[in-house]
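Following: one structure in structure tokens, then a few remarks.
The values are calculated or read from the model by the stated rules, or taken from the named source; none is laboratory data. What you see is a predicted model, and the numbers here were worked out from it, not measured in a lab. Cβ sites come from the backbone with ideal geometry, for glycine too, and all protein chains shown count toward neighbours. SASA here: full protein model, heavy atoms, side chains in, ligands and nucleic acids out. Shrake-Rupley method; radii C 1.70, N 1.55, O 1.52, S 1.80 Å.
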Amino acid sequence: MKIQFAPLSVPLHRRLQTASVVQWVFSFLALAQCCTAAFIALFFTRFWLLCVLYAVWWFKDREKPSKGGRRIHAIRNNVVWRYMRDYFPITLVKTVELDPRQNYLMGIHPHGVLAAGAFLNFCTEASGFSTLFPGITPHLMMLSMWFRIPFFRDYLMSGGLVSSDKNSASYVLKNPEGGNVLAIIIGGAQEALDARPGSYTLLLKNRKGFVRLAIEHGTPLVPVFSFGENDLFEQVRNPQGSWLRRVQHRLQKIMGISLPLFHARGIFQYSFGLVPYRRPIYTVVGKPIPVRRNRKPSEEEVDRVHEKYLNELSKLFEEHKAKYNIPEDRHLEFI
């Protein structure tokens, strides 16, 4: 393999963009382990009392990830996220106005390997969410297990992440004054196993829990598609039925997270590494699908709304794919 090195005279702003993406990748791959190790290690130092105090506060605060989280605007507006935005770059595209007096449930597609578009658009202000959708507060759901890690849980909540359980979802959607968005990456970690350049396969055919949730609260459904999300990383070939896919599914059942074997470029060379490629992401927010409230929806009603959601998502993809260089013969595939 011929290694292509980065030129020595790289402009400062490009170095900062790369550094911002490296710290973001690190935060999801290693920061959780570092936080756990630091918390344990502090018990064996003279700062052990701080750990005890944090543990007490952590116990009292344990329900916060299911109660809307605790966002910190200084962190959401940090300049590092703007450098990350410009690295790819990432653009949030609005197609219709959203009424701030209404709550919404947004379905985010696809997951990609590390959900870069979802994180930057909904957990930071780098792409201007609050400017595009004034009066609306986004809450992106994440696996509850991550909120059990000391310190790391506070980092996650600072951006607007909340735990992915029904109580957490209901808390966000029950706001009587409206203005809340519950953003769910519907395909979840399992969909990451199909994330590779040129792939438009979505794990959505039998995922209907979000539809039932929307019906129970009478919350409009908003399809969102991130063009380019799957182009950031290459992935080791793992077709359905292969030994690698079976191992990955088994590990997911045990650990709760998928483990895609991905690679892209390095920090100082462009041939191999874990830094994502510089490829643009356009996150297009579609129009709301009205949903009539029903506390106990039937399976037929859920299926009907789910089918309408699939149609609207496909329509959104077809209407915008030409703008983002998607071949005319490529269409969404639901599995």
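Multiplying the residue separation of ALA19 and ASN206 by 0.36 nm and removing their Cα-Cα distance gives an extension gain of 63.4 nm. Antiparallel beta bridges, as assigned by DSSP with both residues in the chain, represent about 25 percent of the total such bridges.
How large is the charge dipole for the range 211-335, taken about the Cα centre, if only the Cβ atoms of Lys, Arg (+1) and Asp, Glu (-1) carry charge, to the nearest 20 debye?
Charge dipole of the range 211-335: 420 debye, to the nearest 20.
Close amide-amide hydrogen proximity is noted between VAL93 and THR283, VAL284, VAL285, each under 5 Å apart and 5 or more residues distant or on a separate chain (H modeled in the peptide plane; Pro and chain starts excluded). Protection proxy ranking, highest mean first, for peptides 236-246, 56-66, 285-295: 285-295, 56-66, 236-246, where packing is the per-residue count of other beta-carbon atoms within 10 Å, averaged.
Here the Karplus relation 6.51 cos²θ - 1.76 cosθ + 1.60, evaluated at θ = phi - 60°, turns the backbone of the range 151-162 into coupling constants of 6, 4, 4, 6, 4, 5, 5, 4, x, x, 7, 10 Hz, with x for every Gly and Pro. For SER20, neighbours were defined as the other residues whose beta-carbon sits under 9 Å from its Cβ, and their charges (Lys and Arg +1, Asp and Glu -1) total +1.
Residue by residue, the range 314-320 carries 3J(HN,Hα) couplings of 4, 5, 4, 4, 5, 5, 10 Hz when phi is fed to the Karplus relation 6.51 cos²θ - 1.76 cosθ + 1.60 (θ = phi - 60°); x denotes Gly or Pro. From the alpha carbon centroid of the range 210-253 to that of the range 22-94 is 24 Å.
Of the residues MET106, HIS320, GLY188, the one whose Cα sits farthest toward the positive end of the charge dipole of the chain, with +1 on the Cβ of Lys and Arg and -1 on the Cβ of Asp and Glu, is GLY188. On a 21 Å Cα-Cα criterion, which of the cross-link pairs LYS174/LYS315; LYS166/LYS208; LYS94/LYS205 come out too long? Beyond 21 Å between Cα atoms: LYS174/LYS315; LYS94/LYS205.
Which net charge results when you count Lys and Arg as +1 and Asp and Glu as -1 among the other residues whose beta-carbon is under 14 Å from that of LYS296?
Overall, the nearby charge balance is 0.
Ranked by solvent-accessible area (1.4 Å probe, protein heavy atoms only, all chains present), the residues LEU316, LEU143 order from largest to smallest as LEU143, LEU316.
Between VAL96 and GLN240, the modelled label-to-label distance comes to 3.2 nm, taking each label 7 Å out from Cα in the direction of the beta carbon. Label positions at GLU177 and GLN190, each projected 7 Å from the Cα along the C-beta direction, are separated by 3.9 nm.
In this Cβ point-charge picture (+1 for Lys and Arg, -1 for Asp and Glu), the chain has a dipole of about 700 debye about its Cα centre.
Relative to the Cα centre, the charge distribution of the range 1-156, modelled as +1 at Lys and Arg Cβ and -1 at Asp and Glu Cβ, gives a dipole magnitude of about 260 debye. With R₀ fixed at 56 Å, the C-beta to C-beta distance from LYS315 to ARG46 puts the FRET efficiency at about 0.35.
With helices as the sole contributors, the chain gives -11500 deg cm²/dmol at 222 nm; each DSSP H run of n ≥ 4 counts as -39500 (n - 2.57), and the sum is divided by every residue.
The calculated Kirkwood hydrodynamic radius for the chain is 21.0 Å, given to one decimal from all distinct C-alpha pairs.
Residues considered: PHE151, PHE225, PHE88. Largest GNM mean-square fluctuation over the chain, using C-alpha springs under 10 Å, is found at PHE151. Amide H contacts for LEU204 (H built 1.01 Å from N in the peptide plane; partners 5 or more residues away or on another chain; cut-off under 5 Å): ILE335. For ARG265, the residues whose amide H sits under 5 Å from its own are GLY273, VAL275, TYR277, ignoring neighbours fewer than 5 places away on the same chain, with H placed 1.01 Å from N.
Find how many whole Å separate the alpha carbon centroid of the range 151-190 from the alpha carbon centroid of the range 292-313. After rounding, the separation between the Cα centres reads 21 Å.
How much net charge surrounds GLY112 when only the other residues with a Cβ under 12 Å from the Cβ of GLY112 are counted, with Lys and Arg +1 and Asp and Glu -1? Around GLY112, the charge tally is -2. Every Cα-Cα pair of the range 208-304 was included, and the share exceeding 16 Å stands at 72 percent. The HN-Hα couplings worked out from phi for the range 239-245 by the Karplus form 6.51 cos²θ - 1.76 cosθ + 1.60 (θ = phi - 60°) are x, 4, x, 6, 5, 5, 5 Hz, whole numbers, x standing for Gly and Pro.
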